[in-house]
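Asks: The following block contains the structure, expressed as structure tokens.
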Amino acid sequence: MTQDVISIDARTGESVGVVAVESSPDDVAAAGATAAGVAADYAAMQRAGRARVLRAIADALDADRSAIV
């Protein structure tokens, strides 16, 4: 059984709301298997390719900044 992950405002100690659902062991295993499956391809990328991936991640985080910060 999974549980909700609740964000707490550090300034007030009050609950901000549910921000995620706790991962199950199967979820973690699947994420690890996915990461392992792409690790060789990522490692084989040239610097420019890795930079594109990191920029895409940064852009996605920036796009959702209000929900993250």
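Asks: Apply the Karplus parameterisation 6.51 cos²θ - 1.76 cosθ + 1.60, with θ equal to phi minus 60°, to every residue of segment 12-22 and state each ³J(HN,Hα) to the nearest whole Hz, in sequence, with x for glycine and proline.
Replies: 10, x, 8, 5, 8, x, 6, 10, 5, 10, 4
Asks: Could I ask something else about it? From the phi angles alone, apply the Karplus equation (6.51, -1.76, 1.60; θ = phi - 60°) to segment 49-54 and give each ³J(HN,Hα) in whole Hz, x where the residue is Gly or Pro.
Replies: So the Karplus estimates, Gly and Pro as x, are x, 5, 4, 4, 4, 5 Hz.
Asks: So for the chain, taking the charge dipole from beta-carbon charges (+1 Lys/Arg, -1 Asp/Glu), which of A33, L54, Q3 sits furthest toward the positive end?
Replies: L54
Asks: Continuing with the same structure: For the chain, which whole-number percentage of the solvent-accessible area (1.4 Å probe, protein heavy atoms only) is attributable to carbon and sulfur atoms? Walk me through the numbers on the way to the answer.
Replies: Working: 3420 of 5890 Å².
Here it works out to 58 percent.
Asks: What per residue convex hull volume, in Å³, do the alpha-carbon atoms of the chain yield? It would help to have the intermediate numbers written out before the result.
Replies: Working: hull volume 7.8 nm³, N = 69.
Cα-based convex hull of the chain, divided per residue, equals 114 Å³.
Asks: Using the basic label-point model (7 angstrom from Cα toward the beta carbon), what is the A20 to D59 distance in nanometres?
Replies: 2.4
The values are calculated or read from the model by the stated rules, or taken from the named source; none is laboratory data. Bear in mind the structure is a predicted one, so any value in this text is a computation, not a measurement. Neighbour counts are summed over all protein chains in view; Cβ atoms, including those assigned to glycine, are modelled from backbone coordinates with ideal geometry. These area figures cover heavy atoms from the full protein model, side chains too; ligands, DNA and RNA do not enter into them. Shrake-Rupley method; radii C 1.70, N 1.55, O 1.52, S 1.80 Å.
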